[in-house]
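Scroll down for the structure; my scribbles are underneath it.
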Amino acid sequence: MQLPFWPVLLVDLLGSALMIVFSILCVRLSFQLRSQDRENVVWTYLLMVSHALTAFAVSRGVGHIAKELLILGDRPDIWAALRPYSGSINTITFCVVGAVTLFFERIWRVYQQVLRDKEALQEAHEKLLFMNKHLEDLVLERTQELARSEGKYRRIFEVSRDMIAVVDAGGTLLDINPAGREMLGIPHHLTGRESALPDFGSFFARREDWDRLRERILRDCYVSDAEVDLVAADGREVNVLLSAASECEVSRKTEIFHFVVKDISQRKAMQQQLLQADKLASIGQLAAGIAHEINNPLGIILGYTQLLIREEPEGTERYEDLKTIERHSRTCKTIVEDLLSFSRRAHTKKETASLHETIEEVLSVVRHNLELDQIQVEKDFDPAVPLLVLDKDKMRQVFMNLIMNAKQAIGKDGWIRVETRFDPGRRQIRVAVRDNGCGIKPGDLPRIFDPFFTTKGTGEGTGLGLSVSYGIVKNHAGDILVESQVGEGSTFTVVLPVENEDEENAGT
Amino acid sequence: MKKGPTIFGRRKRFALFLGLLLVVVPRAVWATQVHAEPEGLYAHQLAHAFFLVSMGILVYWLRERHLTQHRGWRYLQYAAIFFILWNLDTMFVHHLEGREDLFLTFSKGTLQAALQPFPGREWLTWAFYLGKMDHLLCVPAILFLYLSLRELIRTGYRFPRSENG
């Protein structure tokens, strides 16, 4: 059996030609593939593989074709010379193809890393875009929220009836709300920006209060409900309840104090009034008890003294002694009656009467006395004042006391003004007795209604006038108020309520 | 200013000339080791083996990465398999070419050339005869590579990102 060799030759020649053609086509496709995505290293790898295979196919194909043609062409000597080169190049191309192929794993890993990085970068980019967009919305939302919040707190700051102040640790007033400006008398054109606002510590009545307060805030970071006295720019003294907290301001490198200050002057005045009323009520109770116990024995002493005087002839030494006993007993009785009036235990006879007539009666009695001291009396009566149910005698005593006190405060040459006003809304009448006398010292003001308190010399007064007046007015469900400035004068105001039955008789 | 040839340039050109001389005129070289004739065949066979192994590893990687699910990569896998078969075939043929106990060759170097197996060597002679037509394996291999590239271009293949790299 013989095996013809020509099919082998045919396959060799055709196969070699096809190898060369397809390998070149593969290179072409690899270029196309790479051009689709130049950054793709896998395509670059395939291009390298294609190149290596082309080198292999060309070297082998050309070699085989040359071999067959040279042998068939009876030139085996040429082939013998070319053969070692062809074989060697073939061997090299195998190695190159194998080596290039083995790069796949590394190329693949690199590409995967590139993909991961790319993906991560894309993700980060998208996230950044999203965040950026979201951030804009968030910033917008936060800005609106801040604006709302700022507006809200600004309103609280502006409309608060209490002082809100921002002060640095040195005492420089940085900001203060309108209530604070009003409380301290700071003009509105002064602002903290030009540091034109006065030093906060300068408003303290006692500088050491400010120093102590500042020290406490720095130590404890807060102070609550400290009661201090402030003096406004116009000299007004204001009692305040003060709370403060500190905050470290990094930009200014200093502590900032936030103050909330409440004016408690009125409350303190009311407390003082309540205390006074309470004190007077206690004294009244005591005085009433004493007066009641003394009144009867005093009556007996006076009665028997009068009996003894009747039996004693006038002009004798014994008669004069008895007269002295009678006079002093009467003085004592007057005092006791005054005490009873003050304590509201005295018998009252209330009847419908005109307040203006009552005041006129008093003025007619004292007018001559006042004219002697060049004191002018001015009247300003409100015609709307109705008739009142009152104890005319007692009220006469009240106005007499007030006018005589005014006279004594003036001394000589001055004026006394008596005003009446009817307030239909509050259903009350106010009778004010003003004078331009010496005024009352602030320290004496809380004590002027105390029984036996007097600033007059011995023998000039018992110190019962105002306390009796107080008792009488209180007995009429009214009140008596006083305002006074030393050197400028005083105003005593009697406030009387108007009952329904009074109104029926309205008009003077 | 144009620069003249440097000393280094002259040395480089001299080395290139010497290299070419050694390649073009292969005569007795005073090397440290003599490379006798069988070395060429062994080197060639080893190159085939290296080619074969690299193709085997490529197949493994393609399958490991699940790339063969796509037709383009599947064709590349087929190309690699055909190259493996081709390498086995050629290694086998190169091995038999050196043997003189298999067949006689008549009219060598003509179109009438034919093989006459020695008695009892018919199967091996047949195997050698078929193995000599190795292009029946390497042409499909390069054809699959061509198809693979064409498919990858056609489908606009996009690589999936695998978690393990």
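Structure values in brief
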| quantity | calculated |
| --- | --- |
| Residue-wise HN-Hα coupling along the range A:31-46, computed from phi with Karplus coefficients 6.51, -1.76, 1.60 (Hz; x: Gly, Pro) | 4, 4, 4, 5, 5, 5, 8, 5, 7, 7, 6, 5, 5, 4, 4, 4 |
| DSSP-defined beta bridges in chain A - what % are antiparallel, rounded to 5 | 90 |
| Note, ³J(HN,Hα) from phi for the range A:313-318, Karplus 6.51, -1.76, 1.60, rounded to Hz, x at Gly and Pro | x, 5, x, 7, 5, 5 |
| Inter-probe distance in nm under a simple model that places probes 7 Å from Cα toward Cβ, at A:D393 and A:T316 | 3.5 |
| Positive minus negative residues near B:A79 (Lys, Arg vs Asp, Glu; Cβ under 13 Å) | +2 |
| Whole-Hz ³J(HN,Hα) from phi, Karplus 6.51 cos²θ - 1.76 cosθ + 1.60, for the range A:97-113, glycine and proline x | 4, x, 5, 4, 4, 5, 6, 3, 4, 5, 4, 4, 4, 4, 5, 4, 5 |
| Inter-site label distance for A:L308 and A:K350 at 7 Å from Cα along Cβ, in nm | 4.3 |
| Qualifying aspartates and glutamates (Cα of each under 14 Å from Cα of B:K12; at least 8 residues distant if same chain) | none |
| Degrees between helix A:355-372 axis and first principal axis of chain A (Cα, 0 to 90, nearest 10) | 70 |
| Cβ-derived FRET efficiency at R0 41 Å, B:L41 paired with A:S35, nearest 0.05 | 0.45 |
| Gain upon complete extension [A:V11, A:L286; 0.36 nm per residue less C-alpha separation] | 84.2 nm |
| Projected label distance in nm at B:L88 and A:E145, using a 7 Å step from Cα toward the beta-carbon | 7.2 |
| R0 of 56 Å, Cβ-Cβ distance A:Q272-A:L129: FRET efficiency to nearest 0.05 | 0.20 |
| Exposed trypsin sites (Lys or Arg not before Pro) absent: longest stretch of chain A, with sites in DSSP loops and at most 15 other Cβ within 10 Å deemed exposed | A:39-160 |
| FRET efficiency, 1/(1 + (r/R0)^6) with R0 51 Å, evaluated for A:D382 and A:D211 via beta carbons | 0.45 |
| Stretch gain in nm, segment A:I24-A:K441, where the contour uses 0.36 nm per residue and the Cα spacing is subtracted | 137.8 nm |
| Of B:K108/B:K132; A:K268/A:K474; A:K407/A:K474; A:K323/A:K392; A:K127/A:K152, pairs whose Cα-Cα distance is over 27 Å | A:K323/A:K392; A:K127/A:K152 |
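Since every read-out is calculated from the coordinates, none of them should be taken as a lab result. Just so we're clear, the structure is a prediction, and the values are computed from it rather than from any experiment. Cβ sites come from the backbone with ideal geometry, for glycine too, and all protein chains shown count toward neighbours.
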